[in-house]
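None of the figures in this text is laboratory data; all of them are computed from the coordinates on show. The model shown is predicted, which means the values in this text are computed figures rather than measured ones. Every residue, glycine among them, receives a Cβ derived from its backbone with ideal geometry; neighbour counts consider all protein chains shown.
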Amino acid sequence: MTIEPLLKEDLDSIILLEQELYLKPWQKKDFLYELEENPFAYYFKLVDNQKIIGYMGFWITFDIAQITKISICKAYQGKKLSYILMQDLEKRVRLAHCKSLSLEVRVSNQVAIHVYQKCGFKIETLRKDYYDNHEDAYLMVKELKTNDHFSDRNEL
């Protein structure tokens, strides 16, 4: 498996994954904006045997990183691949000298919340009616101390 920059040519595969995973998937134009116009955006794909099986995205503004996407196709879920993406993402934002990493997650997504907590994220606040279906979101944050590195946790 490899983690590689997401390219415009990958978007048809990414859109299929979005449709598989989300009730309100991003459209191709959303990804195009991120890849071509947003100077703060970074997107990567997880590839296994030349097939895109996951992807992640984040923004870096000054010393803060915000995760926008972290997704694994259903056939590969439960194999700790989200952890691999999170570990890679954290290494990248540390290299950019970010001091914190944040994300929003649906309060109903207990599996993701558990993974993020295992990766060192803490629930900071509740964002009421955050999603278009009025579901709340947790804002989760991980402070990135210079001597605090992402550890390999066997329990994930």
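Among 128-137, 67-76, 87-96, sorting by the average number of other beta carbon atoms lying within 10 angstrom of each residue, highest first, gives 67-76, 87-96, 128-137. Across the alpha-carbon set of the chain, the Rg to Rh ratio works out to 0.93, Rh being the Kirkwood radius. Mean residue ellipticity at 222 nm, helices only, the chain: -8500 deg cm²/dmol; runs of at least 4 DSSP H residues each add -39,500 (n - 2.57), and the sum is divided by the number of residues. Simple rule: put +1 on each Lys or Arg Cβ and -1 on each Asp or Glu Cβ in the chain, find the dipole, and look at 26, 140, 54; the Cα lying farthest toward the positive end is 140.
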